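Worksheet: one structure, shown below.
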Amino acid sequence: MSDNDSIYDQDEAELLLSLIKPFESAMSDPDVTEIMFNVPGEYWTKGKDGTVKVECPDITTKKMISINRSIAVYNKSKEQALSYFQMPGGERCTIIQPPACLNGYMGLIIRKFIEKSFTLQQIVEQGAFESVQNTSFNLLTDDKI
């Protein structure tokens, strides 16, 4: 990689980071693990406090399109109806846009990197499987988890 390439990469990252400033607080909150956008003017966070709606009038349709394009450019890719990318901070993101979604909706889901690992037992204790129904012929009991 040449020096010009690294400068270009830095410029792309800086542009993307400037575009996501309206939800920077969610990006930097250690208790937030996921940020989801479906419609302009709001986003949802998922984390320690469950799923929370956040009003954000700065997120317009035009801004969402710019963010999606900037993410694609940062990843040296082109926009597609369904794309998987990485953010400058290592977060994973998914972009969904027409024709993969209907009625003018578009989606951006950012999943933050979690530095803490959990055992299967801890995940069970946190309630991750409470709404899961066992449809196999094997009965699942606590001693088999």
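The values are calculated or read from the model by the stated rules, or taken from the named source; none is laboratory data. Fair warning: this is a prediction, and the values are worked out from it, not measured in the lab. Counting neighbours? That spans all protein chains shown, and the Cβs are built from the backbone with ideal geometry, glycine included.
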Q: Please determine, by comparing only the residues of segment 102-132 that are small (Gly, Ala, Ser) and surrounded by fewer than 10 Cβ atoms within 10 Å (Cβ to Cβ), which one is nearest to Arg69 (Cα to Cα).
A: Ser117
Q. From the set of residues in segment 56-78 that are of a type in the set (Gly, Ala, Ser) and touching a Leu at 6+ places or on another chain (Cβ under 9 Å), which is nearest to Glu14 (Cα to Cα)?
A. Ser70
Q: Answer yes or no as to whether Tyr74 is more than 21 Å from Leu17 (Cβ to Cβ) and touching a residue at least 40 places away in the same chain (Cβ under 8 Å).
A: no
(Q) Among the numbered criteria (1) of a type outside the set (S, T, N, Q); (2) outside any helix (DSSP H, G or I); (3) crowded, with 16+ Cβ neighbours inside 10 Å; (4) in contact with a strand residue (DSSP E or B) (Cβ under 9 Å, 6 or more places away or on another chain), which one does Val52 miss? (A) (3)
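Might you let me know whether segment 23-33 holds any residue that is closer than 20 Å to Phe113 by Cα, among the β-branched types (Val, Ile, Thr), at pLDDT 90 or above and assigned to a strand (DSSP E or B)?
Yes, because at least one residue in segment 23-33 is closer than 20 Å to Phe113 by Cα, among the β-branched types (Val, Ile, Thr), at pLDDT 90 or above and assigned to a strand (DSSP E or B).
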Q | Flag for Ser83 being assigned to a helix (DSSP H, G or I), polar (S, T, N, Q) and surrounded by 14 or more Cβ atoms within 10 Å (Cβ to Cβ) | A | no
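Conditions (1) among the polar types (S, T, N, Q); (2) in contact with a Phe, Trp or Tyr (Cβ under 6 Å, 6 or more places away or on another chain); (3) modelled with pLDDT of 90 or more; (4) not in a loop (DSSP other than H, G, I, E, B), marked per residue:
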| residue | (1), (2), (3), (4) |
| --- | --- |
| Ile71 | no, yes, yes, yes |
| Pro88 | no, no, yes, no |
| Thr94 | yes, yes, yes, yes |
| Pro99 | no, no, no, no |
| Leu102 | no, no, no, no |
| Leu108 | no, yes, yes, yes |
| Glu115 | no, no, no, no |
| Gln122 | yes, no, no, yes |
| Ser131 | yes, no, no, no |
